[in-house]
Amino acid sequence: MLFSMITLASVAAFIGKALAFIVMIALIAFVHEMGHFLIAKLCGVKVYEFALGFGHKIWSRTWGETEYSLRWLPLGAFVRPAGMNPDEDEAEGENLEELKGRSFAEKNFFAKQAILAAGAGGNMVFAAAVFAGVFFGSGIQNSNIEIKEAIADRPAAQAGLKGGDIIAAIDGNPVTDHQAGINYIYSHPGTSIRIEVQRFEERPSVTLSGPDPGLTGELVVMAGGVRLEVLGVEPGKAADKAGIAAGMLISTIGGKALGEVASAQEAIDRLRQGPAPIGVLAPRRLTFDVVPAPQADGRGLIGITSLPHAYGARIAVPLGEAIARGTKRTADGVVMIYRQALVLLWTSLGKMEVPKEVGGPLKIASEIARGVDLGLVYLLHLTAFLSLAIGVFNLLPIPALDGGRMFVLAVKTVLELGHRLVQPKAESHEVLGPRGEEVLHFMGFVFLLFVLVVVSFKDVREMSGSSDVPAPTPAAATPTTTAPAPAKAK
């Protein structure tokens with residue numbers, strides 16, 4: 001019976017995480033394509049279809065001149081504007097005279113660029129709205145830096161930092177904001193910084209002597225798994241007599257990890273069920289001198305993957321301040337992601353290998369599953385961050401991406417303008433026709449598909465434990481997160 005309950009709980013948890021992945025990806029794709037759709041309509045371009053998902057249609061309805069559809073594989077979305085693909089215009093049976101002035105191909109340079117850039121714009125507006133909503137709905141909370149992993153042969157690992165360490169102060173200044181702490185590291189390439197960490201070390205297991213543990217705590221998800229963080233202990237009660245104190249972590253109860261525990265109250269209820277060995281981790285303060293390694297973009301990295309570790313009470317934020325914070329976080333995120341994307345692209349081309357920091361769909365799914373464990377607020381922050389990442393990635397000048405189409409359009413426009421200036425009386429000269437451009441973007445699509453396969457293979461190796469490559473979420477790129485308010489139990 002217990003096995004059946006555990007199995008059902010595991011299946012339910014898997015289904016919940018799978019649904020979270022599908023909903024997040026579909027939502028991000030929806031706002032991206034909505035950006036294209038709205039600006040295309042605003043510019044007077046006819047749109048044949050707005051679809052959510054791929055594959056066969058399971059529902060469709062036509063309003064005005066556009067068909068809206070749902071398809072069976074909800075892992076994306078697309079719009080079909082007139083004039084983007086000659087084959088689609090023919091398939092729709094369009095009369096070119098009736099379409100005159102309503103085609104993407106007939107619009108001026110600036111209208112075309114606006115339509116192409118609008119998808120990424122939609123992702124950024126959506127991210128700013130999510131950030132602002134989280135700030136307004138849940139307030140802000142102090143957060144320092146929890147190290148998920150210290151990458152081998154990088155400055156942090158060489159200095160002695162380990163996964164599970166919590167960076168509490170840098171150069172004597174307490175870390176009260178995860179991203180601010182990361183930015184401080186960025187700004188000191190080649191300069192020694194003093195990092196003070198809180199390291200939890202395992203103590204001999206203890207057993208409570210009575211049915212009332214007499215402690216309060218909150219459930220936290222850390223690099224090593226789910227823990228019950230002890231917030232307070234009543235003098236003279238069982239926990240106090242066993243040597244448990246505030247600030248310690250309970251890692252196991254009766255030899256079992258807390259991975260299936262749904263709340264702090266459930267964990268404390270397990271303590272009340274009877275004498276059982278309890279795994280306890282006690283904090284210890286350590287100090288390390290680390291020199292961030294200079295990067296090509298001028299930042300300093302110490303070679304860690306990280307998570308925000310929230311502490312202290314939440315502070316309410318007015319709507320205006322929440323919008324300002326959300327907008328600033330979005331702008332900072334765009335700059336950070338774009339700079340890192342260029343560095344990683346240059347690194348991968350120079351070394352002809354996939355950088356450790358790059359992850360594909362499998363790694364994204366893994367991070368979303370972790371987000372489900374960490375709670376709604378973290379999951380919302382992760383959604384906003386992924387929306388930003390997808391928006392910025394789409395603006396890279398790679399054929400088949402929006403940025404590639406914008407780059408090709410700009411080059412064509414400049415060359416055609418140059419041709420008219422050199423030979424003003426000559427007939428209009430098209431540098432690259434629609435068919436040739438589609439071939440170019442198809443080649444870009446094949447290249448991206450190849451990259452996807454290579455990165456996914458790397459993800460499989462990492463997740464199966466057959467490689468020593470660390471998880472691809474660098475501290476430099478971990479989304480800044482306001483952790484959910486602790487659920488206290490007694």
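Each value in this text was obtained by applying a stated rule to the coordinates, not by laboratory testing. Predicted model only: the values in this text are computed from it and were never measured. Neighbour counts run over all protein chains shown; Cβ positions are idealised from the backbone, glycine included.
For this structure, a couple of remarks:
- In sequence order, calculated HN-Hα J values of segment 322-333 (Karplus, 6.51, -1.76, 1.60; Hz; x Gly/Pro): 4, 5, 5, 5, x, 5, 5, 4, 5, 4, 4, x
- With a cut-off of 15 Å between beta carbons, the residues surrounding Ala128 carry a summed charge of +1, where Lys and Arg count +1 and Asp and Glu -1.
- ³J(HN,Hα), Karplus 6.51/-1.76/1.60, whole Hz, each residue of segment 280-285, x for Gly, Pro: 10, 10, 10, x, 9, 8
- Spin-label pair Glu416-Phe447: with each label point 7 Å from Cα along the Cα-Cβ axis, the two points sit 2.3 nm from one another.
- Note on Leu319/Lys241: beta-carbon distance plugged into 1/(1 + (r/R0)^6) with R0 of 45 Å gives a FRET efficiency of 0.40.
- Annotation: amide H-H contacts under 5 Å for Gly232 (H modelled 1.01 Å from N, sequence separation of 5 or more, or interchain): Thr216.
- Charge tally for Pro283 (other residues, Cβ to Cβ under 13 Å; Lys, Arg +1; Asp, Glu -1): -1.
- Among the listed pairs Lys57/Lys100; Lys328/Lys458; Lys112/Lys328; Lys57/Lys328, those whose Cα-Cα separation exceeds 31 Å are Lys328/Lys458; Lys57/Lys328.
- Neighbour-count ranking [beta-carbon atoms within 10 angstrom, fewest first] of Leu215, Leu440, Leu19: Leu19, Leu440, Leu215
- Footprinting exposure proxy ranking of Lys46, Lys57, fewest other C-beta atoms within 10 angstrom first, gives Lys57, Lys46.
- Rounded to whole Hz, the Karplus (6.51, -1.76, 1.60) HN-Hα couplings of segment 198-213, x for glycine and proline: 9, 10, 8, 10, 6, 9, x, 4, 10, 10, 6, 8, x, x, 9, x
- FRET efficiency, 1/(1 + (r/R0)^6) with R0 60 Å, evaluated for Ala159 and Val23 via beta carbons: 0.90
- Length added when fully stretched, Arg272-Arg203, from 0.36 nm per residue minus Cα-Cα: 22.7 nm
- Arg199, Arg61 arranged by Cβ crowding within 10 Å, fewest neighbours leading: Arg61, Arg199
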